[in-house]
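Peer 1: A single structure is presented below for examination.
Every number here is computed from the coordinates shown, using simple stated rules; none is lab data. The structure presented is a predicted model; accordingly, all values stated were derived computationally and were not measured. In this analysis, Cβ positions are derived from the backbone assuming ideal geometry, glycine residues included, and neighbour counts consider all displayed protein chains.
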Amino acid sequence: MTLPDRIAALLTAVENPATPPLSPEEITALLEELVEQAHWLARRPMDWFDESGPYDEEERESYFATDQLHQTKLLAHLILLKQRHAATFSPPDQARLETTAQSLCVRARFVCDAHQFYDPEPYLQALAVLRFLGNHDIQQDFEDAAHEWIFHEWGCGAHLSHRDELLTLLSLFLTLDTNPPRLASALFQRLIRLEENIACIYGYIDEEDATFRKELHTAEDTLFAIFARLGLAEHLPPFVAYTQDELLIPCFDGAVARMYRTPKGVLKTYSHHPLIPKKAVGLPPYMAVSCYSENVREGFSRWTPGLAGMWETWTLQRGGVALALRSGMDRSFDYWHRPDYRHPIVHCHVLCLSHPDKASCDPKGPTIQIRTPQLVLPGSSSLRVLLWAISMEGPIENEPTVAPARVIPSVPRRRGEEAWDIDWVLPGGLWKVRVDPLAKEPLCGR
């Protein structure tokens, strides 16, 4: 039995009087493992639950163990044990539990004081630690962050990739806090509606891919069973099915995530990625564009960047067709990966605008790949600028017309920073766009 399963068994035992109690030795052994993991978490660097993997073998093993635990659930288990069942443990174990809680509070205070609202998950984790493990007053901190998330959106996209974690943390405030933050319920309901709207777009609201509401209703998971007994369902908004084919989701700093449902699947883009000037936890660069097919359930088509390079991506989308501009100093591959090329529902075409005479593109097989390493010359620092056309509406049969664009002549430009006017007939109609790597919006209509 894995550590998460054993902790769940402990919670089940102490929450349900009908369950045979665990022995004091079993409780102590579980607490030792939980304390060890919690102490490791407290030693993490500034990002607290940072995704950058450790390097020595001991740290690496502990990192993967923590990843397996699902960090947010680990924290929720620790909070539930201390809040509701501290008396279950022996006095020495209670003291160890308190020491662990205080060490986590030191790190959490540091995270809160940084006010990095664009990273909602670690910020909510820190607030939960301070409130439930340190009994701190976090009302104003919570309200400042909630206003940021409600009126300026959810930062780096955590509301798209880490909804379950955010909902779990908000559930702690709604069920355990005797004086819950004023806007906790509003945030919870916004995320529930977003999750269910996305589920409707992808067409699995009534299938095997469960939503938070369904998990709470079935209560098969120990944590959800506890939330259900504590009355979390009272905070759920009424379910309203989303019936439109397009869903627009605002993100940090004016960026927009678009999802469009076609008869063959769903095309999703971010208008600009990355969304923040630091590594976006949970939203790696390759998720700037993704396709989901009803016929290929085993995976997504998505951007896959080369080695450790970093590209910026801007997109324009009309229904099931999109243009994606990729720009960066990356010296490795840039390619579009299809989950199964036997089902060619996603059609791609790529232009290498920065080095058109040196680029090569392989449109066959499971990937469409532009080979950029051969473009690198000794001492070269020029941009790599690639324009991708992606279609779920049919094949791309026409070549684009590319002409130099009129730009401000006083702006010095290196190789790869040229501006272009492009006309491209794609499925559904003509696209007239301008590509200018030095502009505020490097890809825009004209």
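Peer 1: Which Rg and Dmax, in Å, describe the Cα atoms of the range 150-274?
Peer 2: My reading of the Cα-based Rg and Dmax gives 15.3, 49 Å.
Peer 1: Filter Lys268/Lys440; Lys214/Lys264; Lys82/Lys268 down to the pairs with a C-alpha to C-alpha distance above 31 Å, please.
Peer 2: The pairs that break the limit, which is 31 Å between Cα atoms, are Lys82/Lys268.
Peer 1: Could you list which residues have their amide H under 5 Å from that of Leu426, counting only those 5 or more apart in sequence or on another chain, with H placed in the peptide plane?
Peer 2: Here Trp431 satisfy the definition.
Peer 1: Now, a different point. Hey, got a sec? Which trypsin sites (Lys or Arg not before Pro) in the range 110-205 land in a DSSP loop and have at most 11 other Cβ atoms within 10 Å?
Peer 2: Passing sites in the range 110-205 are Arg182.
Peer 1: Explain nothing, just compute: Karplus ³J(HN,Hα) = 6.51 cos²θ - 1.76 cosθ + 1.60, θ = phi - 60°, for every residue of the range 385-393 in order, whole Hz, x for Gly and Pro.
Peer 2: 10, 10, 10, 9, 10, 10, 9, 10, 9
Peer 1: Post the alpha-carbon centroid distance, the range 176-254 to the range 83-142, in whole angstrom.
Peer 2: With the range 176-254 and the range 83-142 each reduced to a Cα centre, they are spaced 24 Å.
Peer 1: Within a Cβ distance under 10 Å of Ile192, other residues only, what is the Lys/Arg minus Asp/Glu net charge?
Peer 2: After counting each charged neighbour, the total is +2.
Peer 1: Now, a different point. Taking K and R as +1 and D and E as -1, what net charge do the other residues with C-beta under 10 Å from the C-beta of Val425 add up to?
Peer 2: -3
Peer 1: Which order, highest average first, do 117-126, 171-180, 229-238 follow once you tally other Cβ atoms within 10 Å for each residue and take the mean per peptide?
Peer 2: Answer by packing, highest mean first, reads 117-126, 171-180, 229-238.
Peer 1: Would you tally the net charge around Gly319, using a Cβ to Cβ cut-off of less than 10 Å, leaving Gly319 out, and scoring K and R as +1, D and E as -1?
Peer 2: 0
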